[in-house]
Amino acid sequence: MMEHCKKSRRFLSLLLVIVFMLSLAGCQSSGDEGKPIAEKPSETKIVTDLLGNKVKIKANVEKIAVVPIPWATIVYAVDGSGKKIVGMHPSAMKAYQKNILKVMAPEIANANSTFVDNNFNINYEEVAKLKPDLVVIWDYQPEIGKKLAELGIPSVAIKYGTLEDVQNGIKLVGEILNQQERAAALIKYQQDTNSYLKSKESTLAGKNKPKTLYLRDEQLQVATGESVNKIMINNAGGVNVADEVTGDSWKKVTMEQVIAWNPEVIILSNFSEILSEDLYKNKLSGQDWSKIEAVKNKRVYKAPMGIYRWDAPCVETPLMIKWLGKVFHPDVFTDYDMRADLKTFYQNYFNHTLTDPELDQILSSQLNPDLKI
C-alpha cells in the first residue's frame, strides 16, 4: 500500500512538471502574439548611376546587356565571371574573339552582340528577347533609357573620359553586382598606380618627353587632345602630338599634318589590324611614312591587349600607362618588371596564372620585336 502511494506521488509530480512546462510554452507563444511576421528580404534596391539618376534594379542582378564597348570586361573583372553578360557591343565581341579573355571566360562567347550596332543604336526587339535585368548605356543616351523603361527594363548611364570616370564606373558595377570588395580592390590598384606615377613627375620634368602619335587605324584617325590616350601619354612622360585636335576622342587627320608633327614614337591601336611593318615598308596607299622620325628609328609599337584593348579606358589602364613608361623612359621606370606586374595583376584580380606565351600575346611581343619588355 505504501509502495502504491509513492508511485502515485511520483506520477503526480511528473504530471505537474509537464503542466508547468506547457504553461511556460503558452506564455512564450502569447508573448509573440501581435508581432509582425518576418518580412522577406527586399527583392529590389536603388543604385545611383554616373549621371546621378536613382535606378531601381533587382537586388540580385543575373543578366546584364552592355552597350559601351569596354564595359563588358569591367563587368567581368568586378564579378569574376562572364556568366551574367547576356549582351555586348559587336566591337567588344570582336576584341574578345582574339584576346586572352576567350580562354579565361569561354561563357562570354554566348553573349548576344546584335542587340546593338556599331553606332550604339539598340534593336529593342532583340534586347527584349534577352530579358536583361539591367542594360548599361552611355550618358548621352537618355532617349534609349526612356524606351527601355517603357519595356520594363531598367538602365544605368555611365560616362568616361578620365581615369576617375573609370573608377566611378567600377564602383557602380560593384554596387550593382553586390561585389563592392572586388570593385574597391580594383579601384585601389588604379589609385596606387596613379600615386606611383606622380612620384616620378619630378624626375620626368628634366627629361625629353617624346612626341607621340597614337594611331587608331589606316584611315589616319588619331587620339586627340580630348582623349584618355592623352592622359595615358602624359602620365608616362610623353607628349601627345595631336593635343591641338579637338572635338572627339579619335579624329581623322591628313598625312601632311602627321609629317608636320613628325612624332618620335607611334603607338598603334588594336581597333584595327595595322602593324609597324605597314609603316616601315610604306604599305598604306597614299601615305608616306618614310620621313617620320618614329619610323626612321623603328619606334612604332603595337599596343597591348589583355582582357580588352588597352587603347581605351578599362580595368587594365594602369598597366597601359606603366607599359608606356617603359617605352618612353626605361631609365626612369626601373622599379617594376612589366611581365611580373602582369602576372601578379592577373593572379590577384582575375585568379588566372599567366603563362609566358600568354604574356607575349598580351604585350604584342612578336609584333614589337624591337621593344624589350
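Accessible surface computed residue by residue for the chain, with neighbouring protein chains in place and a 1.4 Å probe, gives 49 Å² per residue. Of the solvent-accessible surface of segment 46-187, computed with a 1.4 Å probe and all protein chains present, 49% belongs to carbon and sulfur.
Computed from backbone phi with θ = phi - 60° and the Karplus coefficients 6.51, -1.76 and 1.60, the 3J(HN,Hα) list for segment 206-223 is x, 9, 6, 9, x, 6, 10, 10, 9, 9, 6, 7, 5, 8, 6, 7, 10, 6 Hz; x is used for glycine and proline. With 24 Å as the limit on Cα-Cα distance, the pairs of LYS98/LYS252; LYS159/LYS211; LYS45/LYS84; LYS207/LYS230; LYS129/LYS251 that go past it are LYS98/LYS252; LYS159/LYS211; LYS129/LYS251. The simple spin-label model puts a point 7 Å past each Cα toward its Cβ; for SER199 and ALA340 those points are separated by 1.4 nm.
Put simply, the amide H of LYS83, placed in the peptide plane, has no neighbours under 5 Å, leaving out anything fewer than 5 places away on its chain.
With R₀ fixed at 30 Å, the C-beta to C-beta distance from LYS147 to GLU62 puts the FRET efficiency at about 0.85. Shape class of segment 97-170 from the alpha-carbon gyration tensor: oblate, with a/c at 1.5 or above and b/c at least as large as a/b. Angle, helix 317-328 long axis vs. longest principal axis of the chain, Cα atoms, 0 to 90°, nearest 10? Roughly 30 degrees, rounded to the nearest 10. Please work out how much accessible surface LEU186 shows to a 1.4 Å probe, ignoring ligands, DNA and RNA, in Å² rounded to 10. Looks like 10 Å² after rounding. Residues SER202, SER195, ordered by accessible area of protein heavy atoms at a 1.4 angstrom probe radius and largest first, appear as SER202, SER195.
The candidate values are (i) 24.7; (ii) 30.0; (iii) 26.6; the one derived from this structure for mean projected area of the Cα convex hull in nm² carries the label (ii).
The local environment of PHE271, defined by Cβ-Cβ distances under 14 Å, has a net charge of +2 under the rule Lys, Arg +1 and Asp, Glu -1.
The values are calculated or read from the model by the stated rules, or taken from the named source; none is laboratory data. Not measured: the values here are computed from a predicted model. A quick note on method: Cβ atoms are made from the backbone with ideal geometry, for glycine too, and the neighbour counts reach across all protein chains shown. What goes into the accessible areas is simple: the full protein's heavy atoms, side chains included, and nothing from ligands, DNA or RNA. Shrake-Rupley method; radii C 1.70, N 1.55, O 1.52, S 1.80 Å.
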